[in-house]
1. Inspect all residues belonging to the range B:79-92 and state whether any of them is within 30 Å of B:Glu6 (Cβ to Cβ), of a type in the set (Lys, Arg) and open to solvent by 40 Å² or more (accessible area, probe 1.4 Å).
2. Between a residue in the range B:44-70 that is touching a residue at least 24 places away in the same chain (Cβ under 8 Å) and any residue that is hydroxyl-bearing (Ser, Thr, Tyr) and open to solvent by 10 Å² or more (accessible area, probe 1.4 Å), which pairs come within a Cβ distance under 7 Å, given they are 6 or more apart or on different chains?
3. Residues in the range A:147-155: is at least one among the β-branched types (Val, Ile, Thr), over 22 Å from B:Glu133 (Cα atoms) and in contact (Cβ under 8 Å) with a residue 40 or more places away in the chain?
4. Which one of these is among the aliphatic types (A, V, I, L, M), under 30 Å from B:Leu30 (Cα atoms) and in a helix (DSSP H, G or I): B:Ala187, B:Ala115, B:Ala171, B:Ala210?
5. Do the conditions hold for A:Leu189, that is, is it modelled with pLDDT of 95 or more, closer than 29 Å to A:Pro256 by Cα and not in a helix (DSSP H, G or I)?
6. Condition first: more than 7 Å from chain B (Cβ to nearest Cβ) and in contact (Cβ under 8 Å) with a residue 24 or more places away in the chain. Now tell me which residues in the range A:50-75 satisfy that.
7. Only one residue in B:Leu32, B:Leu38, B:Leu17 is closer than 29 Å to B:Met140 by Cβ, modelled with pLDDT of 90 or more and not assigned by TED's automatic domain parsing to the domain that holds B:Met125. Which one?
8. Taking the conditions exactly as written (open to solvent by 30 Å² or more (accessible area, probe 1.4 Å), more than 9 Å from chain A (Cβ to nearest Cβ) and closer than 30 Å to B:Ile39 by Cα), does B:Phe226 satisfy them or not?
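The values are calculated or read from the model by the stated rules, or taken from the named source; none is laboratory data. Keep in mind that what you see is a predicted model, and the values were worked out from it rather than measured. Reconstructed Cβ throughout: ideal geometry from the backbone, glycine too, with neighbour counts over all protein chains shown. What goes into the accessible areas is simple: the full protein's heavy atoms, side chains included, and nothing from ligands, DNA or RNA. Shrake-Rupley method; radii C 1.70, N 1.55, O 1.52, S 1.80 Å.
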Amino acid sequence: MKAVVVRNLSYVYPDGTKALEGVNIEIEKGEKVAIVGPNGAGKTTLLLHLNGIIRNKNVEIFGKNIENMSREEIVKNIGIVFQDPDDQLFMPTVFDDVAFGPINLGFDKEEVKRRVEKALSMVGLLNSINKCPHHLSFGEKKKASLAAVLSIEPKILVLDEPTANLDPKSRAELIDVIKKLNESGVTILIATHDINALPEIADRVYVLNKKIIAEGSPREIFSNTKLLKENNLEVPEIFKLFEVLRCFGYNCDELPLSIDEAIEHLTKTVETEGGHIHLHIHEHTHDDIEKVKRKYNHHL
Amino acid sequence: MIEYPEIDRYADLDSILHKFDPRAKIVSFLTLIFSIVLIPDLKVALMAFTFSVFILALSKLPLSFVFKYLKWVTMFVLSIFTILALTFPGEKTSFYFISLSKDGIYSGALISIRAIAATMLVFPMIGTMRFDETIKALYMLRIPNSLVQMLMFTYRYIFVFADEFHRMLTAMESKGFKLKTNLYSFAVIGRAIGMLFVKSYERAERVYQAMLSRGYTGNPKTIADFKMDAKDFFLATLIIFFAIFLHLMK
C-alpha cells in the first residue's frame, strides 16, 4: 500500500519565486526514503504540503486525498519534526510539550502519560521530563522535539534535517532511533544533507531541486557523478576511500557505502584472496587517483 | 552572560509555601494583595507590611534575589513619596529649610508601604513554584484561555528572544560596533530591535505550523497533578482571613 503519493505538485511563493515544479513522489508503507538537494531546493516547502499545512489537493496519504481529511486524521497519520527545535518545543516543560499532541487527540490522562513516558524513554530523555526547554542542550532539544511527535504514534514520520548540527554521539543516537522506528513499521521520510548517514537511514533517495531530478537507491544516486555535480551533492567518505583503493588495484565492483558494508567487503576479499589484501602501484595509479580527486571536488 | 528573568529560580527549595497547592496559593495571595493595596490606614499598612515580611521569611527565598527586583519598585514609590511630601496641600512642617506637607508625608508613606508590602508578596506567591505550575494553576482556575496561552508563550520564548538579541549584539560588537550615547548607536540598536521583530514574526509562523502539525485546535489543554489537602485549605483560609481582618480593624 502507498503511504504517501504526491502528484504533479507545484508551489509558488507569494513573492513569485518558484519553489516546487511538478513534483511526483510515491512512498510505500514501511519504506524509509530520503530527500536530498541543495539549499533552497524546496525540501521544507515540500514537507509542509505533506500534512496539509500548505493546503493542496495533490497529496494522498494512505490512498486518501489530504483535502478530504480532518486535521485530527492527518495528525494521527503523519507526524513532522521540523528543523529548528525551538520552533517545535513551544510548551513550558518537556512533559507538556510531549503531551501536547496526545492531549489534542483526546486521549485520557493515563494514556497521555503512558505515551509521554514511552516517547521520552525511546529518545533517552526521561530524566529531563520536568525541565523547561530553555535548559536543554541543542541535542536534547532535537531529541525532545522528536519525542513530541513520537507520542502521537504517527504511521508516517517526516523529519527535516534530523542530524544537522548534532555532536557525533547525539547524531548516532538519533539515527538509531529512526532505524528502530522503521523496523517497527513506521514509514520514514527524511530531508537531509547528511550524506554519510544516508545509506543507514534510507532505502531510496529522491534528489530534489525544485523538481525531482532523480530517484533511486543510495548506490545508484552516488554512482551518478554528473547528477552529483549538478546538484552540489557529496558521496560518503567510505565510498570515496574505496574508489581510491580501487586505483591501487583493490578488486571492488560495488563500492561500500557504510562502515558495515566496508567491513563485509574487506572480510570477503581477504577470505577469497588467501588471507591478505593485495594493493600495488602501477604507472596509471597516480592518474587514476587524480581523476577520483577531481571527480569529487565540485569547485574545481 | 545575559541575565534571564528567571522568577522561578528558587522553585526547588523546600518550605511550607513551596508545598502549598498552586491554585490555593494564587487565590489566597491575590486576595491578600488586593486587600493590602486598599488599606486606608497607615498603622494597618504597617501591620500588613510586617505580615508580608513574615510570609517572605517563610518562603526561604534568598533576600538578595527578592531585593534585586524589589529595589525598582522601592525607587519608584520613594519618588512618589518625595513628590507628595513636597507638594501636597495642607498643614506644613519644616525639615531644616525644606517645607514639607504633613498630609503629604502621611499619604506618601501609606502608598509606599502598601505598594512594597503588596509587591513583596508576589515573590512568595510565584517564586515558590515552577512557572509552568503557575500557568497550569491559572488554567485550572479558569482564567481565560487566550490569556493563559499568551503568558505561556511569553515565558517560553522570552529566553529564545533574549538569546537571539544577545547573538545579534555579539555579532555587531565583533564587527567593531561600540555602544555609545550618540545618534548612530541608537539608530543601530533600533534597527537590531526591528530585526528582532521580523525574526519573531517569522518564528511565530513556524511555531504555529508546528502546533498545527500536532493537532492544535485553539484550546490547548494541559495535565496537572495538583491535590488540595487539609493543610492547603487551612493555610489558604488563614491568609484570606487575614486579608479580611485588615479591613475590619478600626
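1. No, the range B:79-92 contains no residue that is within 30 Å of B:Glu6 (Cβ to Cβ), of a type in the set (Lys, Arg) and open to solvent by 40 Å² or more (accessible area, probe 1.4 Å).
2. Cβ pairs passing all conditions: B:Leu61/B:Tyr10; B:Pro62/B:Tyr10; B:Phe65/B:Tyr10; B:Leu70/B:Thr119.
3. Yes; the residues of the range A:147-155 include at least one that is among the β-branched types (Val, Ile, Thr), over 22 Å from B:Glu133 (Cα atoms) and in contact (Cβ under 8 Å) with a residue 40 or more places away in the chain.
4. When all the criteria are applied, what remains is B:Ala115.
5. yes
6. A:Leu50, A:Ile54, A:Asn56, A:Asn58, A:Val59, A:Glu60, A:Ile61, A:Phe62, A:Gly63
7. B:Leu17
8. It is false that B:Phe226 is open to solvent by 30 Å² or more (accessible area, probe 1.4 Å), more than 9 Å from chain A (Cβ to nearest Cβ) and closer than 30 Å to B:Ile39 by Cα.
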